[in-house]
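See structure below.
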Amino acid sequence: MRRGLAVVILWGFLSAVSCGSVWLAADSNMPDPNQEVTVYVHTDTPLYLLSLWAQAVGDANVTAVMGPNDCNQYGWDGGWNIDGYFDSEGWVAMGGVAWPNEANDVVGYFTFTYHGGQVSVSVAAEWSTGFDTDCQPAVFSTAPLLIGEPDPNEWLSGAMGETGEQSEQVVSIGAQEVDTNMADANTLWITAQFRRTIVPPVQLSGPNNSALQEPYARFPGLALEQTPTTGGTMGMALLDGAVSLYEITQSTILDPATVYYVPNPPLYIHSTTSEEIDVVIPSDTMIVVAQNWQSYGIVVCDRANVHFGAPAPTATPPTLPVYPGDVTNPVAPVWIVSEGQYPFFNNRIGLLIERTAGKRSRIENIYLWGFYYAVKVDQQLEAPISNLFITGCYCGITSYGSNLIANCVVDFFGVGNSQWPYWGVAFDFEPTSADQSIQFPNPEYQISNCLANDGDVGYWATGSDEWDVPNYWATDSVAANCFYGYACWNVLGISIVCPGLYNNYQDKNFAEMPFTYAVYETNDPFVGEQNGYRIFLNPDSQFVDAGSFLSPLPGWTTRTDGAPDEGIGDIWPHYQTTGIDLNPRANLNGDTILNMPDLAEFLDQWRVADPSSADFNRDGKLDFADVAVLGEDWLSNSMALVILDLESPAAVEQGNVRGVIGLRFEDIPLTAVLVSVYLDNQPIGELQFGWDTENDWITFDSSAFLNGWHVLRTITTDISGNVTNHTPVPLYFNNLLHGVVAGDHFHPSEDYVYSGFYDGAAILEAQLLDQDDQVIWSSTHEGPHVTIVVPGATFSAEYFCRLVVAETDSGMMAMGEPDASSSDTVTYKDLTKEFKQADWPNGARMVIVMPDTDVYKARKPAIKACAQACADRGVTWVALYYKDVTPQNLTYLFTKPAAKYVYWPGHANSHVGRDVRHGIEGVPRTHALCWKHTERRWRRDKWEKIGAFCRLNWNEPLPDDWDARGFDLWSLGMHDSWNKKIVFHDGCYSAVYWDMAAAYGVFSLQGYGSLDQIYIGWKVPVDTSSERLGEWLLGDTTAGVEMFWERMGRGDSIHQAFNHVGVYGSRPTRESFFGPDALYGDDNDNITFYGHGVVNKNTIRLE
């Protein structure tokens, strides 16, 4: 078979759906020994093109295959001169082109001599292609054709003798024969021009036997056993004490620092029920797959989600190095390696994510070695495929349809030649499903900061069919030592930005392929490998500071010295390190403040020939430039972390973190414009100063992670792009259920599922509480993993609920108690009803808007009081929570004639681009926040937080292009409407100016005569507790807002409700509303009113 045929085949990828099937049939299924058997290729629909691979496995020798001399007898045009192929391993290949005619019924053959036993013949569908006369792809049957009787004594195939020891033999790999007992077992010749030394992945030695069995007994869905210490494995050292894995069918956490052996691959990870399962394979776990060319390594299918590579939390606090420039990787990978000693041809696929698998798998932080295909993903995953190191695999990562690949390395891959005429591709995006039954029209492919080194094709994709619809974005990725750096089929829709190119035979396969700001390196950019799974960048390389944007992973490095990638990012994969930077820079003694002891140390190093640490600007000497740094940072503090419970004033201890928490950072460097936060190796949030974050914090749910010690890393980036790695902080997560998977919304049309791991032995009781804290549903559960399924019908009349889970024998909570909080024996999840426009054809009179999860938790008593007030007054109400707060949903509800009232608790600001820390006032324009939802064809939809502005393209232009990017409330036409009666924007600075009030129409000329429209907001920052962040807060505002809505529910007017707060609220509450004098109704009030109805506050009610 000639490699050039692949170009012809690619034309068929533009087609849509599959046609008929292609299968094999033999002229004899029970032949005599030494009888010749002919296997025919059948099709049930006419074909115009065929490229078929098959293999006969067993005691047989292939003797002939269809070729140019006889292909015309089977309907093919002999003028195409397509050679047939067969080898001593039973592989056969044949093909033909019939265009403009067709080939039908029997379209090919091959013959073999049968010697005895059972011979299995099957089509290699993943390497075969066919198209009918309508250009539809054929489907190949992979069912094996069995010929002859099996040998009852044939218990092990391959290169094993009867004792299980390796026998001397010669196998064919690639271009030439290789002796499996060669003296240098780590060296493989592929062709005369390629020679590569393969580094063994790691030392394969398991832990002692006594420590293995107990942890796994808790997981009944984990099929495993102890590998005998006297056994052997093909092609590598004994795996003494390894745990053999056969199948995983239930949610499970594998133990780290453990060697698992898959003796009968593939290892199937799948659910046997209708529910999804979650399997955690933590970092530093090794999975060794027995060598079997016919089989895969790991197959994830049937509603399973596998989470690779996160570090397993420990029971003891981690040791946190504090050495500047320490390049040590804090998170080891998961090792998935084939048992064979040689690259490429040990197993067909290392890791396969089937289309039936769940979409929540995290394919990250994995080292793979020794497979033909390292990773195939036939599913559109929610998380990027990231931080993979693949070596000694013929092909790297194949994505069927849209996925994001980031920060991965494929090193030493396919080396096609005349005897193995197939391209090896490092990063391959395909426009169909793996079985070609689904054709994705213009799927979206994204790849960034990857490296393809030493192989055939670095990056492959099929472009768009449309000029103006780009579908392939490759940014800041390197192709080095490849035949083709970048290759594609159809250059339309291809966008390749800042590619790094070095020593490729051809940088691209089409001259028309667009390269934007390509960087052509002339010197070797490689520094070497660290720990066998990281390749670093030469600091003098032209790829340094040449990327398309700022560093994608602030604080991570591309270099052996551990220096973080700063400013414009490097074109290279990035690696996390344990190194930190002094902060303040002149804090020489490592405490939390720059003071006299640091000055004393500085003076000790003054003018010495080799200053050890006081050379702050790293110019090799100590001089007045370093004195300037000392003076600039004098008496400044190191950045500190405060952990907040969002529902109480108490700070959370680092050693006892539960539930949803807020992270507040103090003493942030004045030059910082960005704070990036990682938990272990996962980004969990960031603060961008200058965009409404001075009153914000980072929130995350600790129960989504496993219990135990974790490491929080914080990185600040200044206005020049310089990066500081701050001292990491250890956190201990102690949740009743951990590794939790759960949504924030419910809807009566579908069941709600909450699942997580449980370390205890008690019976768990789950109860669903309604808005009034009454139990409306309950169930009991036990076992190491709990899945709670609440029937959708339970939520039929609910809007706000709380799911509470507790140990029944803990005595810690009377079930149904409204103020139950998370502990190590109790956990809860707040839920709101998902908004669907079809449920509200006429809208509602009250719209409660809650875009911020942290504000919702803090304001929940007031929000529930507002909902209850509506119920008491007979006012229909609807809630938009979190990502339901989109411009589309706001437009739908706000423009309905029924919408009279708005309560919007959430972050707000009076200025755009305001930066209090640096004294930047910003552009005056009141705004809140909402969510922009971008639907993407074949990937998880994109969500981003945007501004909901009173008005866009008005007066002074807004910074950061917000006039084009934001949501314009003015565009809804409310400003000239008499519709809105009461609007309460419960957020910081929401009433410094009157512009937001005008957007809702409270100054509308249509309503001037009625004087019944009013806008309520704040002139100051607001929060929920006088004990938290005292320099900003004036009291407990939540208690006051709750009191206001309670009075509105009793029929009070706006004036009467606020007057009640002024009389009966606590002193801190009254001060928070009405200023230092705590008196309602004077010029010192922090709560402010706008609109024609201000003069009628005493008559405007909720009705």
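A few notes on this one:
- Remark: region 5-147 carries a charge dipole of roughly 180 debye about the Cα centre, counting +1 on each Lys and Arg Cβ and -1 on each Asp and Glu Cβ.
- Computed log10 I(q)/I(0) for region 5-147 at 0.20 Å⁻¹: -1.16, from the Debye equation with unit scatterers placed on every C-alpha and solvent omitted.
- Geometric extent, Cα atoms of region 259-314 - Rg, Dmax (angstrom): 12.6, 39
- Cross-linked pairs K900/K1019; K833/K1097; K836/K1019; K896/K932; K900/K945: Cα-Cα separations exceed 28 Å for K833/K1097; K836/K1019.
- Mean-position separation - Cα centroids, region 824-862 and region 709-745, in angstrom: 26 Å
- Label sites at L1079 and D759, each approximated as a point 7 angstrom past Cα along Cα to Cβ, lie 5.7 nm apart.
- Cα-projected label distance for E921 with T780, points at 7 Å along beta-carbon direction, nm: 6.7 nm
- For the peptides 728-738, 781-791, the ranking by packing is 728-738, 781-791, with the highest mean count of neighbouring Cβ atoms within 10 Å listed first.
- Column: log10 I(q)/I(0), Debye, Cα scatterers of region 286-444, q = 0.12 Å⁻¹: -0.55
- Shape of region 214-537, Cα gyration tensor, a/c cut at 1.5: prolate
- Summarising the label geometry, the points placed 7 Å from Cα in the beta-carbon direction at W99 and R965 lie 4.6 nm from one another.
- Averaging the sequence gap over all C-alpha pairs within less than 8 Å and six or more residues apart, then dividing by the number of residues, gives region 288-351 a relative contact order of 65 percent.
Where a number appears in this text, it was derived from the coordinates with a stated rule and is not lab data. In this text, all values refer to a predicted model and were calculated from it rather than measured experimentally. Glycine also receives a Cβ, built like all others from the backbone with ideal geometry; neighbour counts cover every protein chain displayed.
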